[in-house]
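The values are calculated or read from the model by the stated rules, or taken from the named source; none is laboratory data. All figures in this text were calculated on a predicted structure; none of them were measured in a lab. Heads up, the Cβs are rebuilt from the backbone with ideal geometry, glycines too, and the neighbour counts pull from every protein chain shown.
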Amino acid sequence: MSSPTLIIFRKEMRDALRSRLVLLLVLGLGVIAIVSVIVGAAAYHTKVLDYQHYLEALKQAGGTPSAAPLYFALQLLRGAVEYLEVIGAIIAIVLGYAIVAKEKNRGTLRLLVSRPVSDTAVAVGKLLALAAIWLIVVVALGVVIVVSIRLVGGTFLSSSELTRLAISLGFAWVYLFMWSALAMGLAGLFRQLSSALVVGLIAWLVVVLIIPQIGDTMDPDNQVPGGLFAALQVDKPHEKAVMAHFGTYESTRNTLESSSVSKRFERASFAFLGVKDRYNQRSLGYIATGMRTNIMWLTIATVLASVFAITQTRKRKLLRKA
């Protein structure tokens, strides 16, 4: 006989498959991410073709080609990560909120928690369902990414690149699950469902949009397209020398920006995908060491959100609010 937790889990998975809202939201996120990958893959393919044409013309003219430019397929996923960071978070909030709200709206909450189950069976079963839903979405997205890069970009991902992609998708799974768990906890905390949704959206605005935007705005290098120092043709040693005079300012800006878990997710994903040149083509150990703080805070935030969801949707608490 199955445990109550697994029964709740299977029920939530069936509900998700039958829900048009869930399917539309997940499909919409998938389409947006896929389009960004296809556009990036097409741009990658165009750059490779342009270089090949340039090389052929140079050879015919008797010239000597310089070092070949390096194109890295995983760098195409910058847009997909940003879409998951912003749009994925709000969809995750809606899914986490809906997994509790539907019970209240249907009037089935009291029936559900009046069953002979443990105090946390309902909460754990719902959390497992959310984790499974996002795992399916992320795995499907990974398959589409690989296929798109092959068919549109015209290149195969190496085993090393596939590993880096899998790690980045793992961060996306944790990040999306964290937002769903937070929203689930809020839906259990507030008697008024509208209040839970409003608080969740405010958290999304502050963490995903406001704090990172303030951090980017405070960065002087972001005020000129392509970078201020690049526009002034200032090399790295001189750039560091200039910024050394603004140590306190830069430390404050970085602290503010780092307080956003969304920025932590973005930095870790960009590092393993090689979006930032500093980590491109470096060993996994080197990247993991450089990103350990971001990974740690993303993990802590997810654990705290899960604990919050369980404590706010325990059987006894739900019965008092049913």
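So which residues in segment 156-177 are buried (at least 16 other Cβ atoms within 10 Å of the Cβ) and among the β-branched types (Val, Ile, Thr)?
ILE167, VAL174, listed by residue number.
Looking at (1) assigned to a helix (DSSP H, G or I); (2) crowded, with 20+ Cβ neighbours inside 10 Å; (3) among the small types (Gly, Ala, Ser); (4) in contact with a Phe, Trp or Tyr (Cβ under 8 Å, 6 or more places away or on another chain), which is the only condition ALA132 fails?
(2)
For segment 201-312, which fully contained helices (runs of 4 or more DSSP H) count at least 1 residues that are within 16 Å of the chain's Cα centre (by Cα) and modelled with pLDDT under 60?
Answer list for segment 201-312: none.
Test ALA68 against the criterion of being more than 23 Å from ILE149 (Cβ to Cβ), at pLDDT below 80 and surrounded by fewer than 17 Cβ atoms within 10 Å (Cβ to Cβ), and give yes or no.
It is false that ALA68 is more than 23 Å from ILE149 (Cβ to Cβ), at pLDDT below 80 and surrounded by fewer than 17 Cβ atoms within 10 Å (Cβ to Cβ).
List the number of the failed condition for ARG106; all other conditions in (1) in contact (Cβ under 8 Å) with a residue 60 or more places away in the chain; (2) farther than 30 Å from ALA80 by Cβ; (3) among the basic types (Lys, Arg) hold.
It is condition (1) that ARG106 fails.
Restricting to segment 170-199, and then to whatever is among the small types (Gly, Ala, Ser) and in contact (Cβ under 8 Å) with a residue 40 or more places away in the chain, can you tell me which residue is nearest to GLY125 (Cα to Cα)?
My answer is ALA181.
Name the residues in segment 144-169 that are without any contact (Cβ under 8 Å) to a residue 24 or more places away in the chain, part of a helix (DSSP H, G or I) and of a type in the set (Gly, Ala, Ser), would you?
Correct list: SER159, SER160.
For the structure I just gave you, tell me whether SER118 is of a type in the set (S, T, N, Q), surrounded by fewer than 17 Cβ atoms within 10 Å (Cβ to Cβ) and on the phi < 0 side of the Ramachandran plot.
Answer is yes for this residue.
Give the residue, chosen from LEU186, LEU141, that is crowded, with 19+ Cβ neighbours inside 10 Å, outside any loop (DSSP other than H, G, I, E, B) and either under 15 Å from the mean Cα position of the chain (by Cα) or of a type in the set (Asp, Glu) (or both).
LEU141
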